[in-house]
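Chemist: Here it is, the structure, as structure tokens.
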Amino acid sequence: MHAEAAPLIEKFNLKKVEDFFAPLPPQLYKGEHNGKEIFVILNGQQNGLDLVGCEPATLSTQLLISKLNPTLLINAGTCGAFKSNGSNIGDVYLSKDEIMFHDRRVGESGEWYKMGVGFYPCLDASQMAKDLGFKLGRCTTGSSLDMANEDLALIKKNNGELKDMEAAAIAWVASLYNTPLICVKSVTDLCDGDRTTEEEFRENLSMAANNLKDACFKILDYLLK
Ligand code: ADE
């Protein structure tokens, strides 16, 4: 969403590259940090609304990797998390182990189950998390902001900790190209709290986007020394 990316674009002084993906909706911003080119891609809009979810994320990632062949892909965004895991609103996490879907149910075990859930790789960011003071969590993706009981069951079964709407779609495309991926996720809401997700998400989006910007700055400084 533009609200998630706006603080980043400002902090890194990125400039929009007009019509780079035209006529498709993704939008590209470009700049540099410590002498290296950096890009931010947004899913863009349709009918005046930010495009959220797996289909726009798949399209953006495919376009980005095929046209710009990045050395490293960072999926920076917000997520829901679980207070039962010790998560707090505003926490920033780096992805751990593998990235999964929680609403693609194709049997309960075996090869087709694995295809549905995905279990796509991400980089081992444990040293960076330790050095920079971030938590680590397993990302799990679905197409809804709320959570059906079946989704929760699959999240629990696969020890999912960070619930979003894009990471697994991005990780799937990255896996096809062998592009290294790290997800950086800032918590807007607690999926096992007593508030509605939408209300909590709206209330905390700007604070979480700000934390995300600070985290991305630290990460790029760390990686591009
Ligand atoms: N993005 C932020 N919070 C989320 C949640 N609870 N579920 C899915 N995507 C989110």
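The values are calculated or read from the model by the stated rules, or taken from the named source; none is laboratory data. These figures come from a predicted structure and were not determined experimentally. Because the Cβ atoms are built from the backbone with ideal geometry, glycine has one as well, and the counts that use them run over all protein chains shown. What goes into the accessible areas is simple: the full protein's heavy atoms, side chains included, and nothing from ligands, DNA or RNA. Shrake-Rupley method; radii C 1.70, N 1.55, O 1.52, S 1.80 Å.
Chemist: From the list GLY116, GLY160, GLY133, which residue is at positive phi and either among the polar types (S, T, N, Q) or out of contact with any Pro (no Cβ under 9 Å at 6 or more places or on another chain) (or both)?
Modeler: GLY133
Chemist: Of the residues SER66, SER84, only one is open to solvent by 70 Å² or more (accessible area, probe 1.4 Å), among the small types (Gly, Ala, Ser), at pLDDT 95 or above and outside any loop (DSSP other than H, G, I, E, B); which? Can you show your working first?
Modeler: Details: SER66 fails: open to solvent by 70 Å² or more (accessible area, probe 1.4 Å).
From the options SER66, SER84, the qualifying one is SER84.
Chemist: Let me ask something else about it. So is PHE39 in contact (Cβ under 8 Å) with a residue 12 or more places away in the chain, touching a strand residue (DSSP E or B) at 6+ places or on another chain (Cβ under 8 Å) and either within 16 Å of the ligand (Cβ to nearest atom) or more than 16 Å from LEU220 (Cβ to Cβ) (or both) or not?
Modeler: Here the answer is no, as PHE39 does not meet what is asked.
Chemist: Related question: So how many residues does segment 168-178 have that are in a helix (DSSP H, G or I), open to solvent by 30 Å² or more (accessible area, probe 1.4 Å) and not hydroxyl-bearing (Ser, Thr, Tyr)?
Modeler: 2
Chemist: So GLU32 passes all but one of these: (1) open to solvent by 20 Å² or more (accessible area, probe 1.4 Å); (2) touching a residue at least 40 places away in the same chain (Cβ under 8 Å); (3) more than 16 Å from the ligand (Cβ to nearest atom). Which condition number does it fail?
Modeler: (2)
Chemist: Name the single residue, out of those in segment 9-29 being of a type in the set (Lys, Arg) and more than 15 Å from LEU64 (Cα to Cα), that is surrounded by the most Cβ atoms within 10 Å (Cβ to Cβ).
Modeler: LYS11
Chemist: Looking only at segment 141-161, count every residue that is free of Cβ contacts under 8 Å to residues at least 60 places away in the same chain, crowded, with 22+ Cβ neighbours inside 10 Å and within 9 Å of the ligand (Cβ to nearest atom) and tell me the total.
Modeler: 1
Chemist: Additional query: For segment 162-185, check the following and say yes or no: at least one residue is over 23 Å from ILE65 (Cβ atoms) and more than 9 Å from the ligand (Cβ to nearest atom).
Modeler: Looking through segment 162-185, none of the residues is over 23 Å from ILE65 (Cβ atoms) and more than 9 Å from the ligand (Cβ to nearest atom).
Chemist: Next question. Anything in segment 87-119 that is within 30 Å of SER206 (Cβ to Cβ), more than 16 Å from the ligand (Cβ to nearest atom) and either touching a helix residue (DSSP H, G or I) at 6+ places or on another chain (Cβ under 6 Å) or open to solvent by less than 50 Å² (accessible area, probe 1.4 Å) (or both)? List them, or say none.
Modeler: LEU94
Chemist: Then there's this: Let me confirm something: among ASP194, ASP189, ASP131, which residue is within 16 Å of the ligand (Cβ to nearest atom) and either part of a helix (DSSP H, G or I) or without any contact (Cβ under 8 Å) to a residue 40 or more places away in the chain (or both)?
Modeler: After ruling out the rest, the residue left standing is ASP194.
Chemist: Now for a different question. Scanning segment 179-204 for residues that are in contact with a Ser or Thr (Cβ under 6 Å, 6 or more places away or on another chain) and open to solvent by 10 Å² or more (accessible area, probe 1.4 Å), which turns out farthest from ILE9 (Cα to Cα)?
Modeler: Filtering first and then ranking leaves ASP192.
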